[in-house]
Amino acid sequence: MHSIPAQQALTHPPMTVRATTPLLKAGALMLTHDLNQIGVVDEEGALIGVVGHNTVARVLPRFLL
């Protein structure tokens, strides 16, 4: 178990959204694809961070009310 490379657990192709993607859409993609988090990329496609489903669940209700 300890020798399994991370590559074997990757989502391929990786699911990403642009930094300008609405949080609601990012959350919907995570729900649709059963992801706990999704990568966020800049205009050039470089990874700049991740958004987790817990963050979406915590932040999004503030904007929906």
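The values are calculated or read from the model by the stated rules, or taken from the named source; none is laboratory data. What you are looking at is a predicted structure, and each value in this text was computed from that prediction instead of being measured. Ideal geometry is used to build each Cβ from the backbone, glycine not excepted, and the neighbour counts take in all protein chains shown.
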Scanning the stretch 23-34 residue by residue, those assigned to a loop (DSSP other than H, G, I, E, B) and modelled with pLDDT of 95 or more turn out to be none
I'm told G45 meets every condition in (1) surrounded by 16 or more Cβ atoms within 10 Å (Cβ to Cβ); (2) on the phi > 0 side of the Ramachandran plot except one. Can you identify the failing condition by its number?
(1)
What are the residue pairs meeting all of these: first residue in the stretch 17-38, first residue without any contact (Cβ under 8 Å) to a residue 12 or more places away in the chain and surrounded by 15 or more Cβ atoms within 10 Å (Cβ to Cβ), second residue aliphatic (A, V, I, L, M) and in a loop (DSSP other than H, G, I, E, B), Cβ atoms under 6 Å, and 6 or more apart or on different chains?
none
Out of (1) among the hydrophobic types (A, V, I, L, M, F, W, C); (2) in contact (Cβ under 8 Å) with a residue 40 or more places away in the chain; (3) surrounded by 10 or more Cβ atoms within 10 Å (Cβ to Cβ), the one F63 does not meet is (3)
State all residues of the stretch 39-57 that are without any contact (Cβ under 8 Å) to a residue 12 or more places away in the chain and assigned to a strand (DSSP E or B); if no residue qualifies, say none.
G49
Residues of the stretch 6-20 being in a loop (DSSP other than H, G, I, E, B) and over 13 Å from V50 (Cβ atoms), in sequence order, are L10, H12, P13, T20
Looking for whichever is at pLDDT 90 or above and basic (K, R) here; the options are R18, R62. Which one fits?
R18
